[in-house]
Amino acid sequence: MKKKRLIGKIIYHVLVCGLGLVMIYPLVWMIMSSFKPTSTIFTTAGQLIPTQFVFENYVNGWKGFAKITFATFFKNSLFISIVATMGTLISSSLVAFGLSRCKFFGRRALFVAMLLSMMLPAQVLMIPQYLWYQKLNWVGTNLPLIVPYCFAIQGFFVYMMTNFIE
């Protein structure tokens, strides 16, 4: 009986490791291809290890494009993510505290409306949000990526914090 379990475990682990290798191979190929000369990436696609290691792709990538460096992209992403996260944390915790500790008329209805808003697919909201941002002259700025998150629009976080506070 123990021999069957051992064989079963060995087969399981061999299959899982094999599947893991199949899944990670594209990532390894991409990383190794980044060290190949650009002109030979697809001509030597079957070759995992490059014959000539080149760092030119990383230099060109850091230079960016349209006279905007990768550092600028990184700085913008860092700024937007930090400010949006702080806005979400502050606004969601305030709303969650109000929903969990303050007893007022319509509290349950607001909580249900928040849960219902979580069930709306993002695709349904894309066009109305875009039209709204266009009327506010926010298209082409960072404002649509930051301002809404300062108003507890993430129902999931409000829900989680409400349950935690209760």
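The values are calculated or read from the model by the stated rules, or taken from the named source; none is laboratory data. Fair warning: this is a prediction, and the values are worked out from it, not measured in the lab. Neighbour counts run over all protein chains shown; Cβ positions are idealised from the backbone, glycine included. Accessible surface is based on the protein model in full, side chains and every heavy atom, while ligands, DNA and RNA are left aside. Shrake-Rupley method; radii C 1.70, N 1.55, O 1.52, S 1.80 Å.
Things worth noting here:
- Number of positions in region 149-166 that are aliphatic (A, V, I, L, M), open to solvent by 60 Å² or more (accessible area, probe 1.4 Å) and not in a loop (DSSP other than H, G, I, E, B): 1
- Complete set of residues in region 46-76 that are within 29 Å of the chain's Cα centre (by Cα), aliphatic (A, V, I, L, M) and either more than 27 Å from Asn142 (Cα to Cα) or not in a loop (DSSP other than H, G, I, E, B) (or both): Leu48, Val59, Ile68, Ala71
- Selection within region 70-84: residues that are within 18 Å of Ala152 (Cα to Cα) and in contact (Cβ under 8 Å) with a residue 60 or more places away in the chain. The member of this set that is least open to solvent (accessible area, probe 1.4 Å) is Ala84.
- Applying a threshold of 9 Å to beta carbon distances and a minimum spacing of six or more residues, or different chains, the list of pairs starting in region 93-108 at a residue that is farther than 12 Å from Ala152 by Cα and ending at one that is among the aromatic types (Phe, Trp, Tyr) and part of a helix (DSSP H, G or I) reads Leu99/Phe111; Ser100/Phe164.
- Test for Val124: is it surrounded by 13 or more Cβ atoms within 10 Å (Cβ to Cβ), at pLDDT 90 or above and among the β-branched types (Val, Ile, Thr): no
- Candidates Lys67, Lys103, filtered to the one that is under 30 Å from Met32 (Cα atoms) and either open to solvent by 90 Å² or more (accessible area, probe 1.4 Å) or in contact with a Cys (Cβ under 8 Å, 6 or more places away or on another chain) (or both): Lys67
- Extreme residue, least open to solvent (accessible area, probe 1.4 Å), among residues of region 106-121 that are outside any helix (DSSP H, G or I) and more than 30 Å from Phe74 (Cα to Cα): Gly106
- Some residue of region 3-19 being at negative phi and in contact (Cβ under 8 Å) with a residue 12 or more places away in the chain: no
- Considering residues of region 127-148 that are open to solvent by 70 Å² or more (accessible area, probe 1.4 Å) and aromatic (Phe, Trp, Tyr) only, the residue farthest from the chain's Cα centre (by Cα): Trp132
- Single unsatisfied condition, Gly140 versus (1) assigned to a loop (DSSP other than H, G, I, E, B); (2) touching a Leu at 6+ places or on another chain (Cβ under 8 Å): (2)
- Test: residue in region 16-30 that is aromatic (Phe, Trp, Tyr), closer than 30 Å to Gly61 by Cβ and open to solvent by 70 Å² or more (accessible area, probe 1.4 Å): yes
- Any hit, region 39-56, residues being surrounded by 10 or more Cβ atoms within 10 Å (Cβ to Cβ), of a type in the set (S, T, N, Q) and under 30 Å from Asn76 (Cβ atoms): no
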